[in-house]
Amino acid sequence: MQVRGRVWKFGDDVDTDVIIPARYLMTSDPDELAAHVMEDIDPDFTSKVQEGDIIVAGKNFGCGSSREHAPIAIKAAGVKAVVAESFARIFYRNAINIGLALVEAPEASQETETGDILEIDTDEGGVLNLRTGESYDSRPFPAYVQQIIDAGGLMQAVSQRVQSKSAAQ
Amino acid sequence: MGQTMTQKILARAAHQETVTPGEIVEVDLDLVMTNDITAPISIAEFKKTGLESVFDPKKVVMVPDHFVPAKDIKSAEQAKIMREFAKEQGTLYFEIGRAGIEHVVLPENGLTLPGQVIIGADSHTCTYGAFNAFSTGMGSTDIAAGMALGTTWVRVPPSIKFVYNGTLPEGIGGKDLILYTIGQIGVDGALNCAMEFTGPVIDALPMDQRITMANMAIEAGATSGIFGFDDKTKEWLAAVTDNAYEPVFSDPDAEYQQVIEFDVSHLKPLVALPHLPSNVHAADEVGNMPIHQVVIGSCTNGRLSDLREVAKILEGRQVHPDIRCIVIPGSQEVGKQATREGLADIFMNAGAIFSTSTCGPCLGGYMGVLAKGERCVSTTNRNFRGRMGHREAEIILAGPQVAAASAVLGRVGSPLELTERVAAD
Ligand code: SF4
């Protein structure tokens, strides 16, 4: 997938409590969650973010709780990809499972600022910063994880397995 | 090359001789857990597979604990989805009044055993490493896949061995040890690793305090935390279950990504100041920091032994007039026993409230949400911005003794200051 979008930059250790505070977790409706995304780290974020934007952050993005509501909220807000130096494990799995594009690219993250336009090839992992003209590679996904991405998310992969099992029986 | 206990558990569950850190393996699951926040998504995702039943209802467990007794209509609807699914599928289910916080309830019911692989749609599922299990938190969709297949994929984490040497000073516990550790290595200090807790201090550490430590492994970014199996584990489990289990032990020549040694003989009561669990300071060195609320409870420090420590401090004393002190037992069992032992009376006589078991304020749900500008000392595990209410409120993490002492002092302080005060009077 090709993604081209405007950047919102955040720092290290952005936790799931600031991505979507627990006070909004009485629902799992994506639009309701999106209305509060990043509220506790940037109260104006929801009024600024637009369809097609990209979040760029430092280390350990998505640390904290296991709430899948975090990548759901980001995706439903129209954000097309998250670029970070590193991702917390549970957030990483959750995003892959629901089909939010992640790009682990430390250098790209360090050299990108809010307002930059990035062009990302999520299949090849290439990141191009249109302001600086610099391009970066990202860390490839392990083959197992790539299969989940290719299937279109975890439950699609599981359903394929369940169906081929019952077909075999 | 030898194997760590984490490798051994994963190898066994993957039907392999050995596994290597970094390798992705598919493992059989012994227990799959969700709660009232995460279950509704898991259930919706599970239904997409077209399967009629979960892989094994006796290995699927659902615990309403975050927003129950339901705090509003929306949370009631969420809990209802889970309750009905649990009933229809015949999964294990713990209703309020017979339950409590998941990570307290599951061990109490003998469901978390050595050598097992446990996943839960809650990041503090790493708690069960205290029982020599591999256990880790995942999101709702991963849990849905686990409920469908009875397996999950795991990237075998490299292990970091923590060796705690020396003798723990009186009044210093598991919470201080884990805060100290996170303060030293940072919130991503063990990112995607297994933290193996060892050494003479750990050998002497009571089970409840090991549970507190394992509970916070995620706060160092770890996949899991794990303890060895010994007589203490065995005795603790014997009181709750007759079920058989197979403990695992790390080989002497097992390979670690890192070995970190600490001498903890001079450790002081610690606190983590806002807004990260790694912002660790000695409780008596933070200066005059007034507070508004104290929360004692949660899956980190809501066990009976924690409440006993708190009662020792609050007995014969009063909560400071400016402080709201909220004591929440980790489970109905803990609450019952605390009442029987007279602890509940001590709390209430001191001017604290003693509630039913719930996660409540730990995640800013209800029962003690903070207003703008308020500050709370809490025995919970996360002091992230906005975690307990307003984004401009502050949470200070501490062990039960520091929390209780702070409730009396009306500011952040250590229990030693109370004894000094008595001596000075
Ligand atoms: S007590 Fe707090 S940390 Fe523990 S499960 Fe409940 S919300 Fe999570």
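The table for this structure:
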read-out: Of A:ALA95, A:VAL145, A:LEU33, farthest towards positive along the dipole that unit charges on Lys, Arg, Asp, Glu beta carbons give chain A; value: A:VAL145
read-out: Of A:PRO43, A:PRO140, A:PRO106, the one that fluctuates the most in a GNM where chain A has Cα springs shorter than 10 Å; value: A:PRO43
read-out: The stretch B:270-424: projected area of the alpha-carbon convex hull, averaged over directions, in nm²; value: 7.9
read-out: Residue with peak Gaussian network fluctuation, chain B [Cα springs, cutoff 10 Å], from B:ALA133, B:ALA371, B:ALA220; value: B:ALA371
read-out: Long-range amide H partners of B:ASP122 with built H, under 5 Å; value: B:MET138
read-out: B:LYS268 accessible area, 1.4 Å probe, all protein chains in place, Å² to nearest 10; value: 80
read-out: Lysines with Cα under 26 Å of A:LYS75, excluding same-chain neighbours fewer than 8 positions away; value: A:LYS9, A:LYS48, A:LYS59, B:LYS47, B:LYS48, B:LYS74
read-out: Equivalent ellipsoid dimensions for chain B as semi-axes, Å, which come from the Cα gyration tensor, largest first; value: 33, 26, 18
read-out: Accessible-area ranking of B:PHE249, A:PHE10, largest first, probe 1.4 Å; value: B:PHE249, A:PHE10
read-out: The protein assembly as shown - share of DSSP beta bridges that are antiparallel (%, nearest 5); value: 30
read-out: Charge dipole (debye, nearest 20) of the protein assembly as shown; +1 at Cβ of Lys and Arg, -1 at Cβ of Asp and Glu; value: 1220
read-out: Relative contact order %, chain B, counting alpha carbon pairs below 8 Å whose residues are six or more apart; value: 17
read-out: Cα-based equivalent ellipsoid of the stretch B:114-184: semi-axis lengths in Å, sorted from largest, via gyration tensor; value: 30, 13, 11
read-out: Kirkwood Rh (inverse of mean 1/r, distinct Cα pairs), the stretch B:81-240, angstrom; value: 16.4
read-out: Distance violations [Cα-Cα > 19 Å] among B:LYS58/B:LYS336; B:LYS175/B:LYS234; B:LYS175/B:LYS312; B:LYS71/B:LYS336; value: B:LYS58/B:LYS336; B:LYS175/B:LYS234; B:LYS71/B:LYS336
read-out: Gained length - B:ASN165 relative to B:LYS87, 0.36 nm times residue gap less alpha-carbon distance; value: 23.2 nm
read-out: Cβ-Cβ FRET estimate between B:GLU261 and A:GLN147, R0 fixed at 41 Å, reported to 0.05; value: 0.50
read-out: Helical mean residue ellipticity (222 nm; -39500 (n - 2.57) per DSSP H run of 4+; nearest 500) of chain B; value: -9000 deg cm²/dmol
read-out: Per residue accessible area in Å² of the stretch B:270-424, where ligands, DNA and RNA are left out and the probe is 1.4 Å; value: 35
read-out: The stretch B:292-339-the stretch B:15-71 distance, computed between alpha-carbon centres (Å); value: 31
read-out: In nm, spacing of pseudo-spin labels at B:GLU17 and A:LYS165 (7 Å Cα→C-beta vector); value: 2.8
read-out: FRET efficiency estimate (nearest 0.05) - Cβ-Cβ, B:GLU315 to A:THR27, R0 51 angstrom; value: 0.75
read-out: Derived scalar couplings ³J(HN,Hα) [the stretch B:14-29; Karplus, 6.51 cos²θ - 1.76 cosθ + 1.60; whole Hz; x for Gly, Pro]; value: 9, 6, 10, 5, 9, 9, 10, x, x, 5, 9, 10, 9, 10, 6, 9
read-out: Simple spin-label estimate for B:ARG308 and B:LYS336 in nanometres, 7 Å along Cα-Cβ; value: 1.9
read-out: By accessible area with a 1.4 Å probe, ligands and nucleic acids excluded, highest first: order of B:TRP236, A:TRP8; value: B:TRP236, A:TRP8
read-out: Descending semi-axes in Å of the protein assembly as shown, equivalent ellipsoid built from Cα gyration tensor; value: 36, 28, 24
read-out: Candidate residues B:LYS8, B:LYS175: accessible-area rank, largest first, probe 1.4 Å; value: B:LYS8, B:LYS175
read-out: Efficiency of FRET from Cβ geometry, A:GLU124 and B:MET289, R₀ 45 Å, rounded to 0.05; value: 0.30
read-out: Charged-residue dipole, Cβ positions (Lys, Arg, Asp, Glu), the stretch B:5-262 about Cα centre, Debye nearest 20; value: 560
read-out: Linear extension gain, A:ASP137 paired with A:THR114, 0.36 nm per residue minus alpha-carbon span; value: 6.3 nm
read-out: Furthest towards positive pole of dipole, B:TYR128, B:VAL60, B:LEU168, structure part the stretch B:5-262, Cβ charges; value: B:VAL60
read-out: Sequence-distant residues sharing a close amide H with B:SER331 (under 5 Å, placed H); value: B:ILE101
read-out: Helical mean residue ellipticity (222 nm; -39500 (n - 2.57) per DSSP H run of 4+; nearest 500) of chain A; value: -9000 deg cm²/dmol
read-out: Virtual spin-label span in nm between B:ILE353 and B:ALA44, 7 Å along Cα→Cβ; value: 3.2
read-out: Extreme residue, positive dipole direction of the stretch B:270-424, given options B:ILE313, B:VAL286, B:GLY297 (C-beta unit charges); value: B:GLY297
read-out: Estimated dipole of the stretch A:15-169 in Debye, rounded to 20 [Cβ of Lys and Arg +1, of Asp and Glu -1, Cα centre]; value: 840
read-out: Residue of A:VAL103, A:VAL14, A:VAL83 that the Gaussian network model of chain A assigns the largest fluctuation, springs spanning Cα pairs under 10 Å; value: A:VAL14
read-out: Heavy-atom accessible surface that A and B bury in contact, both chains counted, 1.4 Å, Å² to 100; value: 3800
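The values are calculated or read from the model by the stated rules, or taken from the named source; none is laboratory data. Computed from a predicted structure; not experimentally measured. Heads up, the Cβs are rebuilt from the backbone with ideal geometry, glycines too, and the neighbour counts pull from every protein chain shown. Ligands, DNA and RNA are excluded from the accessible area calculation, which covers all protein heavy atoms including side chains. Shrake-Rupley method; radii C 1.70, N 1.55, O 1.52, S 1.80 Å.
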